[in-house]
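Asks: Below are the structure tokens for one structure; questions will follow.
The values are calculated or read from the model by the stated rules, or taken from the named source; none is laboratory data. Since the structure is predicted, the reported quantities are computational estimates derived from the model, not experimental observations. Using ideal geometry, Cβ is built from the backbone for each residue, glycine included, and neighbour counts are taken over all protein chains shown.
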Amino acid sequence: MFVKICGITNEDDALLATALDADALGFVLAPSPRQVDPETVRDIVRRLPREMHTIGVFRDERPERIIEIVGRAGLHGVQLHGNEPPSEVAWIRERVQFVIRAFAAGDPALADASASAADIILIDSPDPGSGKVFDWRLAEGAPRGKRILLAGGLDAENVGDAIRLVRPWGVDVSSGVEQRPGRKDPAKLRRFVASARAAAADVADLTGEHPIDLTVDEVGGVTRPWDWQIDH
């Protein structure tokens, strides 16, 4: 189970999530109460182990600007939360290690997401950033053959049920593990990661399926999207 902690704004929270065995950290570089500047992100990323996947979250930003920020901040991947056309997604994907494309649950555009150049499809609440839980059955519209990252109102109390029902490739949380916007709560974060791992183990026991994780190239620490492997 791939666990992404989004809305990271400071080094303490980044190091805590790393210590608690999160797989990825998201930094919001679009207007938001959790927005951070590229220089802050760069300083945080420099303190992280190379196997931690770092992701910049953008919304309707110019593709050239996205690539410039990713390079300046030292990020691995990009998460797109706006109305970026497929041509821009493909252009960005050619220049970064991996792309996450976000869709609102129930969005008719999900039906065509299988053709997206993105490596991962994130399914979020119809009101992104609200922290509101949506009807997880809407995730059934997700395309087959794509890795699905489930978000939207998840917390330590409901993430297990969400995983058992939807059986996503991964989960993404921000406000559900916060003390206040931009500051994580250590106890909530610890419980969230533990609950997600436990639910993933339950699903694996029932189905024989194992979680699939990103891997990191041994040479240079470069994440390669074609290096996905089964984590036994």
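Asks: Give the stretch 85-102 a look and list any residue that's crowded, with 23+ Cβ neighbours inside 10 Å and of a type outside the set (A, V, I, L, M), or say none.
Replies: Across the stretch 85-102, the qualifying residue is only ARG101.
Asks: Looking at (1) under 15 Å from the mean Cα position of the chain (by Cα); (2) of a type outside the set (A, V, I, L, M); (3) closer than 27 Å to GLU84 by Cα; (4) part of a loop (DSSP other than H, G, I, E, B), which one does SER32 not meet, given that it meets all the others?
Replies: Only one criterion is unmet by SER32, namely (1).
Asks: Contact list please: Cβ distance under 9 Å, first residue in the stretch 99-111 and over 17 Å from PRO168 (Cβ atoms), second residue at pLDDT below 85, pairs at least six apart or on different chains.
Replies: VAL99/PRO225; PRO108/GLY141; ALA111/GLY141; ALA111/PRO143
Asks: Kindly indicate whether VAL41 is touching a Phe, Trp or Tyr at 6+ places or on another chain (Cβ under 8 Å), farther than 19 Å from GLY153 by Cα, without any contact (Cβ under 8 Å) to a residue 40 or more places away in the chain and surrounded by fewer than 23 Cβ atoms within 10 Å (Cβ to Cβ).
Replies: In short, no.
Asks: Of all residues in the stretch 1-22, count the ones that are closer than 24 Å to PRO168 by Cβ and crowded, with 20+ Cβ neighbours inside 10 Å.
Replies: Matching residues across the stretch 1-22 total 12.
Asks: Please go through the stretch 177-232 and pick out each residue that is among the hydroxyl-bearing types (Ser, Thr, Tyr) and either at pLDDT 85 or above or within 20 Å of LEU25 (Cα to Cα) (or both).
Replies: Within the stretch 177-232, SER195, THR215, THR223 qualify.
Asks: Would you mind stating whether GLY56 is touching a residue at least 40 places away in the same chain (Cβ under 8 Å), on the phi < 0 side of the Ramachandran plot and assigned to a strand (DSSP E or B)?
Replies: No; evaluated as a whole, the condition is false for this residue.
Asks: While we're here: Any residue at all in the stretch 74-82 that's over 20 Å from THR18 (Cα atoms) and either of a type in the set (Ser, Thr, Tyr) or at pLDDT below 95 (or both)?
Replies: Scanning the stretch 74-82, I find at least one residue that is over 20 Å from THR18 (Cα atoms) and either of a type in the set (Ser, Thr, Tyr) or at pLDDT below 95 (or both), so the answer is yes.
Asks: A further question on this structure: Report yes if SER130 is modelled with pLDDT under 95, over 15 Å from LYS4 (Cβ atoms) and assigned to a helix (DSSP H, G or I), otherwise no.
Replies: no
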